[in-house]
Amino acid sequence: MGFTKDTPLQEVKGVGEKTAALYGKVGIKTCGELVSYYPRDYDYYADPIMADAAEEGKTQAFTLIVLGRPGIVTAGRYRLTTCRAADATGELELVFFNMPFLVKTLQPRSVHVFRGVVKKLRNGKLQLIQPQVLSPAEYETLRQSYQPQYPLTKGLRNSSIIKTLGRILPEYAFPEDYLTENELAGLGLVSEKEAIRKIHFPKTRDDILHARDRLVFDEFFRFVAAIRSQKNEVEETRNTRPMHRIPDTERLIRALPYDLTASQKKAYADIESDLCGEHVMNRLLQGDVGSGKTILAFLALLLCAGNGRQGALMAPTEVLARQHYEDLLRMREEYCLPLTPVLLTGSVKGKERKKALEAIADGTADVVIGTHALIQEKVSYHDLSLVVTDEQHRFGVRQREALAGKGEEVPVLVMSATPIPRTLAIILYADLTVSQLTELPAERLPNKNLACGPLERGKVYRFILNEIAKGHQAYVICPAVEESEFMPDLENVADYTEKLKKALPSTIRIASLNGRMKPADKNQVMEDFAAHRTDILVSTTVIEVGINVPNATVILIENAERFGLSQLHQLRGRVGRGKDQSYCIFMYSEGIQEKPKRLQILEKSNDGFQIAEEDLKLRGPGDMFGTRQSGEMGFALADIYEDADILKKAASFVDDLVKKDPERAARFAGKVDFRSI
């Protein structure tokens, strides 16, 4: 039988009800969704090497003979199985956690291929921790191959995904390619069918890179086509209900305990001119973390309410939405602002939710602050006349349209703290008029930055304890959620949290956060940290946006060399939000002899736009094995820095298509899958 993109996964041999439920946990229900579920990385099975050629910290394979019988000891919650194995050039110690059954396999004088990360002990001996154990024949089938590694959930095995895809792809009905053979040749791309097959089952590294280039092009093509379509619609829209300037905005600006910066004044003048002008506003307010975007959003909402209309502010997380709501309530009382704000998030339930919905529908609430809850069908607005989205890259084109669609010809203001090089911003934000905040308010102290190796970790911990003793808080960022056999050298949230609890006094309150947690649990952890019920928050990059804690003065980023410059800059934006001096510590990995260049740049500069330009120079295109940093823009594979050349190529192709064949371009734009945008 053949498979289509809509074929339920359970129709594939070997996928029963239980396996289908596991796939469902990662959002896969159909064959098409699995085909588009790309590997997060690849594991290369190199030729086995001799023991005396072992290099510390690297994943390597060795063909060894087992010396003597394995031993089993209990260490806390672990049962350790240990044995010695050797070849003609040397000996390695093997350590396995909770795998006592291996005693039957590791018989004295039996020969196996052991593959894992080499660790050098203080006595000079070499150790393999939790290595794979394969027969020489099994390893031969994998030798010099790239094995895909997929994002998993508990119970879903990598081998299961590979096996299922192996059954689907030979009989999969690929849609007709939207690119002709001549266009593929001119663009230097492979067909979609070839790309899909090679991304899942590559034979060489070039297979991976060619497949990835095509799929990245497709993502950028869809994005740019949607943006161009959006831009054409916006350019035609006249503002039939212009607002009028009100004295309350000027009164608030004069009453603030600080002066707006020159770029803030210019940006607000642009926003005010848009709202009161001839064309419907569609503006991006771009500025570094701490540059003062929120107060400009509040001024715009005040102007809207002052005209007897409704404005909405959509934030990416419940915690940030609540913080905006509480800040606006405080300002209303402090400055006697004529506003009636209401909060609407997923956790607003029962009578409180009913009351909020009624206030939105009858116009009692003139400012509505919330999350995605604002665009639900049940939410009916009285007179929505302004939409503000915070951290716009977390919301897709479709979501912005959905909220703006709650009213007629609604002006849109999108805010972003992501510094993007001008050459790329012109493409990515083509549908928006851009205002940039280029300076920080005078009262903000710039972060002090330090890059160091793990030998200084003790000193770093003492520094963090000193900041906590002053009443402050700290973040620790790890690149992984939990330990992985494929990346054992990466610090992970689960183990690091336990390690910190053992290393620091029991009075220090430590919590952990990661993207796999349930939304309600994530919100609770962030709320506890914001309310200073936690001293140290150990987290993945999920905290990159969505939380504002002025009391946090230290952020420690582990394995910092694994991140792109711009993402590191975004992460350090979590601190430096209050009046106190803040610090960012970039900890690079063990075994790195010299301080990485990108970390040296961050030590010297706090300028996000300068850093974005440096990031573009440092990162080469098409590196499949780097750390992606633009998943926040909705791309499954693409990275706007590593793939900048492909982004420019896709944008140029769309523009040429619009000129040469507008009907075909319109047909393609109509087929755009907005789910990924």
In degrees, nearest 10, the alpha-carbon axis of helix 350-362 is tilted away from the dominant principal axis of the alpha carbons of the chain by 40 degrees
In degrees rounded to 10, the 0-90 angle between helix 608-618 Cα long axis and the longest Cα principal axis of the chain is 40 degrees
Among Phe223, Leu256, Ala185, the residue whose Cα sits farthest towards the positive end of the charge dipole of segment 174-257 (+1 at Cβ of Lys and Arg, -1 at Cβ of Asp and Glu, taken about the Cα centre) is Leu256
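Taking a 24 Å limit on the Cα-Cα distance, which of the listed pairs Lys29/Lys522; Lys470/Lys579; Lys349/Lys522; Lys13/Lys154; Lys119/Lys499; Lys349/Lys406 fall beyond it?
Numbers: Lys29/Lys522 26 Å; Lys470/Lys579 14 Å; Lys349/Lys522 18 Å; Lys13/Lys154 22 Å; Lys119/Lys499 19 Å; Lys349/Lys406 22 Å.
Beyond 24 Å: Lys29/Lys522.
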The alpha-carbon center of segment 247-270 and that of segment 61-140 are separated, in whole Å, by 67 Å
Farthest towards the positive end of the dipole of the chain, among Val280, Leu568, Gln130 and with Cβ unit charges of +1 on Lys and Arg and -1 on Asp and Glu, lies the Cα of Gln130
Asserting the computed 222 nm helical MRE of the chain (DSSP H runs at least 4 long, -39500 (n - 2.57) per run, divided by residue count, to nearest 500) equals -11500 deg cm²/dmol
Taking protein heavy atoms only, a 1.4 Å probe, and rounding to whole percent, the accessible area of segment 540-605 owed to carbon and sulfur comes out at 42 percent
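In square angstrom, what is the accessible area per residue of the chain with a 1.4 angstrom probe? Walk me through the numbers before you get to the answer.
Values: 31350 Å² over 677 residues.
That works out to 46 Å² per residue.
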To the nearest 10 degrees, the tilt of helix 493-503 (Cα long axis) against the first principal axis of the alpha carbons of the chain is 80 degrees
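If you wrap a convex hull around the C-alpha atoms of segment 91-158 and split its volume per residue, what is the figure in Å³?
Numbers: hull volume 10.2 nm³, N = 68.
Per residue, the Cα convex hull of segment 91-158 comes to 151 Å³.
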Computed about the Cα centre, the charge dipole of the chain from +1 Lys/Arg and -1 Asp/Glu charges at the Cβ has a magnitude in debye, to the nearest 20, of 1980 debye
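Give the residue list of GluC sites (Glu not before Pro) in segment 310-391 that are DSSP loop and have at most 15 other beta-carbon atoms within 10 angstrom.
Working: sites: Glu318, Glu326, Glu333, Glu334, Glu352, Glu358, Glu377, Glu391; in loops: Glu377, Glu391.
Qualifying residues, ordered by number: Glu377.
How much of the accessible area of segment 319-381, in percent, comes from carbon and sulfur atoms when a 1.4 Å probe is used? Mind showing how you got there, number by number?
Numbers: 1610 of 3170 Å².
Ligands and nucleic acids excluded, carbon and sulfur give 51 percent.
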From most to least accessible, 1.4 Å probe, no ligand or DNA/RNA atoms counted, Lys595, Lys25 line up as Lys25, Lys595
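Within segment 221-316, report the GluC sites (Glu not before Pro) that DSSP leaves as loop and that have at most 10 other Cβ atoms within 10 Å.
Working: sites: Glu233, Glu235, Glu236, Glu250, Glu272, Glu278; in loops: Glu236, Glu278.
Passing both the DSSP loop test and the Cβ count: Glu236, Glu278.
Considering only protein heavy atoms, with the full assembly of protein chains and a 1.4 angstrom probe, order Thr180, Thr82 by accessible area, largest first.
On the way: Thr180 65, Thr82 40 Å².
Greatest to least solvent exposure: Thr180, Thr82.
Is there a quick way to get the dipole size of segment 523-566? I mean about its Cα centre, with the Cβ of Lys and Arg at +1 and of Asp and Glu at -1; what is the value in debye to the nearest 20?
Details: 2 positive and 6 negative charges, 7 e Å.
Using only the charged Cβ atoms, the result is roughly 40 debye.
Does segment 275-393 come out rounded, prolate or oblate by the C-alpha gyration tensor, with a ≥ b ≥ c the root eigenvalues, rounded set by a/c under 1.5 and, if not, prolate when a/b is larger than b/c and oblate if not? All intermediate terms of the calculation are to be shown ahead of the outcome.
Working: a/c = 1.36, a/b = 1.23, b/c = 1.11.
It is rounded, given that a/c, with a ≥ b ≥ c, falls under 1.5.
Calculate what fraction, in whole %, of the accessible area of segment 51-110 sits on carbon and sulfur atoms when a 1.4 Å probe is rolled over the protein chains.
Values: 1800 of 3400 Å².
Looking at segment 51-110 in its full context, I get 53 percent from C and S.
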Ranking Ala469, Leu618, Val434 by how far each Cα lies towards the positive end of the charge dipole of the chain (+1 on Lys and Arg Cβ, -1 on Asp and Glu Cβ), the top one is Ala469
Within segment 418-501, DSSP-loop trypsin sites (Lys or Arg not before Pro) with at most 12 other C-beta atoms within 10 Å are Lys470
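Determine the dipole magnitude for segment 332-391: charges of +1 sit on the beta-carbon of Lys and Arg, -1 on that of Asp and Glu, nothing else is charged, the reference point is the Cα centre, and the result goes in debye to the nearest 20. Mind showing how you got there, number by number?
Details: 7 positive and 10 negative charges, 80 e Å.
The calculated dipole for segment 332-391 is roughly 380 debye.
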Labelled set (i) 3, 13, 18, 17, 13, 10, 9, 8, 6, 3, 1, 0; (ii) 3, 10, 12, 13, 13, 13, 15, 13, 6, 1, 0; (iii) 3, 13, 22, 25, 20, 11, 5, 2, 0; P(r) over Cα pairs in 10 Å bins from 0, in percent computed from this model equals the value at (iii)
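Just to be sure I follow the definition: excluding the sites themselves, where is the longest run in the chain that has none of the chymotrypsin sites (Phe, Trp or Tyr not before Pro) in a DSSP loop with at most 12 other Cβ atoms within 10 Å?
Numbers: sites that count: Phe101, Tyr258, Phe625.
The segment 259-624 is the longest one with no such site.
The values are calculated or read from the model by the stated rules, or taken from the named source; none is laboratory data. Predicted, not measured: the structure shown is a model, and the values here were computed from it. Every residue, glycine among them, receives a Cβ derived from its backbone with ideal geometry; neighbour counts consider all protein chains shown. Accessible surface is based on the protein model in full, side chains and every heavy atom, while ligands, DNA and RNA are left aside. Shrake-Rupley method; radii C 1.70, N 1.55, O 1.52, S 1.80 Å.
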